[in-house]
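Written below as structure tokens is the structure these notes are about.
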Amino acid sequence: MKRDTHGVCLRCARVNRAPTDKPGTRGRCGECSSALFTGQPICLGANNFNTPIGRNGLRALVDVRSDGVALGR
């Protein structure tokens, strides 16, 4: 039995279903046609954090820091 995973479009926040037997690197959003997986880090804030992290079926690495704190301190 095939299982599907979910990928959230970071451009329009639509949740897209994708079969697990196909490579996710070529996935496109069904709403806006942008690439679901860019391989690049993204900036999320309070207004756009919950959908990509909470509804995504993939693991995410989250680095949380404040704008007022310098790196390496």
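Annotation note: Cβ proximity below 6 Å between a residue of segment 58-73 that is under 17 Å from A46 (Cβ atoms) and a residue that is modelled with pLDDT of 70 or more and hydrophobic (A, V, I, L, M, F, W, C) (sequence gap 6+ or interchain) occurs for A60/I53. Applying the criterion of being at pLDDT below 75 and in a loop (DSSP other than H, G, I, E, B) to the residues of segment 1-53, the residue that is farthest from D63 (Cα to Cα) is M1.
The values are calculated or read from the model by the stated rules, or taken from the named source; none is laboratory data. Just so it is clear, the structure is predicted and the values come from calculations on it, not from any experiment. Cβ sites come from the backbone with ideal geometry, for glycine too, and all protein chains shown count toward neighbours.
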